[in-house]
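Participant: Attaching a single structure in structure tokens format; questions to follow.
Throughout, read-outs are computed from the coordinates displayed, never taken from laboratory work. Quick caveat, the model's predicted, so the values are computed rather than measured. Quick reminder, even Gly has a Cβ in these numbers, built from the backbone with ideal geometry, and neighbours come from all protein chains shown.
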Amino acid sequence: MTEILTQRTAADYAEQVGDVVQRLAGRIATVERPFSGAARDDLQRAVDRVPLDGSGIGTRAALAEIDELFVRHAVWFHDPAYLAHLNCPVAVPAVAAEAIVSAVNASLDTYDQSTSGTLIERRLVEWTAGRIGFAAGDGVFTSGGTQSNLQALLLAREAALTAAGSPRGRARVEAQADLVVLATGYSHFSVQKSALLLGLADDAVVLVGSDDLGRMDPAALEASLIALRAAGRRPMAVVATAGTTDRGCIDPLGDLAEVCERHDVWLHVDAAYGCGLLVSPTRRGLIDGIERARSVTVDYHKSFFQPVSSSALIVRDGADLAPIAWHADYLNPLANAEPNQVDKSLQTTRRFDALKLWATIRALGADGIGAAFDRVLDLAAEVHGALAEASDIELVGTTQLSTVLFRYAPAGCSEAEADRLVALTRRVLFESGRAHVAKTVIEGRPCLKFTLLNPETTLEQVLAVVDLIRATGDALLDAEHLDDVDLGAIGLGAIGLGAVGLEAAR
Ligand SMILES: *Cc1c(COP(=O)(O)O)cnc(C)c1O
């Protein structure tokens, strides 16, 4: 008995998926913390115990098993105490559309595998290009910002090599060795990774100086471009970030565009985080100048509240996508009149992620999405304001989007202790399941990080997590030597977290 989705099994499919959705809705409605707090060893044993070579147990049993094994211990991005990474709670219309995406299973490489799917993706690419301010833009949906950045730099590399006279063979390899990409220390690590994948020299990514919020300094960029050219290097792209992952700060796009235009260098704007500003009713001005970029990365799965994956690379001039195109007789021969997206993509078989965004825009309106992102940014401003008042919290800089960087440093706590508390606090909270915060290092100094992306979270709920951080920090500081704290021994009871409770704030 197979369980392949066909005419014969359509009714079973409806029943099984219906059951899964009911069970999941029950969990989502009753989640009380971002994570169950299960120990990793226990989860490892539970996963290892499942026999993968035995006979099947049937769909119903398999899904019930998954509910116990995974869903019960999932990390819930919609929980108000989930404040760690750039993960958003997801829009209901997008999740519903996701059901269509996998059941129909269209593949967006060619028209004959997707029909209006290709046309819908094209409309959304055009729509996004329009929001950026590209009159004749084009692009393609990708698996994420990492892939979008890789593709942008690949296109920039090809443009630079074309400008260098399209050398071939060994001469191309030699010309490639001269290429450099300019970014900052706050650019996403996919820039470095892309340079490696693209076969650039190991010193190809040059970091440009930035201001006190980590934003690229246009004068420093100009000086670097001049110095690099004088040294015989060939700048192939400048990567500006519209919303740095750690700090949520936006490089000065207009001024950087000015420099790039003057020096004829490809400007790529990595707006993986800040792309929600494209639909913000109040803050679109923060990314003015983005229309002067030659390529832009947008991650709808960050600030458009889309389920993973949903991302795109958008270029100002569709002709820039040409180097990606290869033609296969069986797929997209040159003499084919049908539209296809595979010519523009690094992938071949590709998910119809665009449908989720389409559903969301139609259901909520672009303004509705932007207003939700605005609420998140307002919340970040409120949290900054509240923490600035607290004498036991050191805020680290400020944000233009929705991150909050800070350290807990009560009176009498040394710098070294405050440094040490960061990682310990994050870990105790994560392992307890009560709150999920991130940690990072800014200018050599460890700090905790909130990344706010839930428009329904309130200031009180965030401040309740700050209270958990205080309670955890105090309990850790009470331990004799921070360096030998046995975290396993610090149970929730031991640090009094039971008494702090998030419930009051819910
Ligand atoms: C998240 C992020 C990326 C990577 O995007 P993925 O979707 O995780 O691949 C790239 N750049 C910035 C600025 C990001 O915040």
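Participant: Treat each spin label as a single point 7 Å out from the Cα along the C-beta direction, and report the residue 72 to residue 362 distance in nm.
Facilitator: Using points 7 Å along Cα→Cβ, the separation is 3.9 nm.
Participant: For a protection proxy built on the mean count of beta-carbon atoms within 10 angstrom, sort 255-261, 361-367 highest first, please.
Facilitator: 255-261, 361-367
Participant: Shifting gears a bit: Compare the peptides 56-65, 277-286 by average per-residue count of other Cβ atoms within 10 angstrom and give them in order, highest first.
Facilitator: 277-286, 56-65
Participant: With charges set only on the Cβ (+1 for Lys and Arg, -1 for Asp and Glu), what does the dipole of the chain come to about its Cα centre, in debye to the nearest 20?
Facilitator: 1060 debye
Participant: What does the extension gain come out to for residue 9 and residue 197, with contour length at 0.36 nm per residue minus their alpha carbon separation?
Facilitator: 63.3 nm
Participant: Expected output is a single nm value to one decimal: the length gained when fully extending between residue 308 and residue 322, i.e. 0.36 nm times separation in residues minus the C-alpha distance. What is it?
Facilitator: 2.3 nm
Participant: Which net charge results for the neighbourhood of residue 287, defined as the other residues with beta-carbon distances under 15 angstrom from its beta-carbon, given Lys and Arg at +1 and Asp and Glu at -1?
Facilitator: On the way: positive: 131, 215, 283, 284, 292, 302, 316; negative: 251, 255, 270, 288, 291, 299, 374.
With Lys, Arg at +1 and Asp, Glu at -1, the neighbours total 0.
Participant: Mind scanning 356/449; 302/449; 193/356; 344/439; 193/302 and naming the pairs with a C-alpha gap bigger than 27 Å?
Facilitator: 356/449; 193/356; 344/439
Participant: Okay, moving on. For residue 264 and residue 415, calculate 0.36 nm times their separation in residues minus their Cα-Cα distance, and state this gained length in nm to one decimal.
Facilitator: 49.8 nm is the gain from fully extending residue 264 to residue 415.
Participant: Given 297, 391, 370, which one lies farthest toward the positive end of the charge dipole of the chain, if we put +1 on the Cβ of every Lys and Arg and -1 on the Cβ of every Asp and Glu?
Facilitator: 297
Participant: Among 458, 442, 409, whose Cα sits farthest toward the positive end of the charge dipole of the stretch 403-462 (+1 at Cβ of Lys/Arg, -1 at Cβ of Asp/Glu, about the Cα centre)?
Facilitator: The one lying farthest along the dipole's positive direction is 442.
Participant: If you filter the stretch 114-200 for chymotrypsin sites (Phe, Trp or Tyr not before Pro), then keep DSSP loop positions with at most 15 other Cβ within 10 Å, what is left?
Facilitator: Answer in residue order: 189.
Participant: Hey, another quick one. Please give, to one decimal in nm, the separation of the simple spin-label points placed at residue 330 and residue 96, each 7 Å out from Cα toward the Cβ.
Facilitator: 3.9 nm
Participant: Still on this model: Of the GluC sites (Glu not before Pro) in the stretch 402-434, which ones lie in a loop per DSSP and count no more than 15 other C-beta atoms within 10 Å?
Facilitator: Values: sites: 415, 417, 431; in loops: none.
Filter output for the stretch 402-434: empty list.
Participant: Next question. Is the chain best put as rounded, prolate or oblate by its Cα gyration tensor, with a ≥ b ≥ c the root eigenvalues, rounded for a/c under 1.5, and otherwise prolate when a/b is larger than b/c, oblate when not?
Facilitator: Here the chain falls in the oblate category.
Participant: Just in the stretch 408-456: which trypsin sites (Lys or Arg not before Pro) are loop by DSSP and have at most 12 other Cβ atoms within 10 Å? Intermediate results must be reported in sequence, preceding the final value.
Facilitator: On the way: sites: 420, 426, 427, 434, 439, 449; in loops: 434.
Counting only loop positions with at most 12 other Cβ atoms within 10 Å, none of the trypsin sites (Lys or Arg not before Pro) in the stretch 408-456 qualifies.
Participant: Relative contact order, percent, of the stretch 107-364 when contacts are C-alpha pairs under 8 Å separated by at least 6 residues? Spell out each step's value before the answer.
Facilitator: Details: 487 pairs, mean separation 72.3, N = 258.
Value for the stretch 107-364: 28 percent.
Participant: Then there is this: Run the dipole for the stretch 109-149 about the Cα centre, Lys and Arg Cβ at +1, Asp and Glu Cβ at -1, nothing else charged, and hand back the magnitude in debye, nearest 20.
Facilitator: The dipole magnitude comes to about 200 debye.
Participant: What does the net charge come to around residue 391 if you take all other residues with beta carbon closer than 14 Å to its beta carbon, with K and R at +1 and D and E at -1? Mind dumping the intermediate values first?
Facilitator: Details: positive: 407, 470; negative: 389, 392, 394.
Net local charge, residue 391 excluded: -1.
Participant: Once both labels are modelled 7 Å past Cα along the beta-carbon direction, what's the residue 63-residue 36 spacing in nm?
Facilitator: 1.9 nm
Participant: Using helices alone, I'd like the mean residue ellipticity at 222 nm for the chain: each DSSP H run of four-plus residues gives -39500 (n - 2.57), total over residue count, nearest 500.
Facilitator: Mean residue ellipticity, 222 nm, calculated: -13500 deg cm²/dmol.
Participant: Shifting gears a bit: Quote the FRET efficiency, to the nearest 0.05, computed for residue 46 versus residue 19 with a Förster distance R0 of 30 Å and r equal to the Cβ-Cβ distance.
Facilitator: FRET efficiency, residue 46 to residue 19: 0.85.
Participant: Right, something else. Could you tally the net charge around residue 118, taking each other residue with its Cβ under 14 Å from the Cβ of residue 118, Lys/Arg +1 and Asp/Glu -1?
Facilitator: -3
Participant: Output the relative contact order of the chain, whole-number percent, from Cα pairs under 8 angstrom with separation of 6+ residues.
Facilitator: 19 percent
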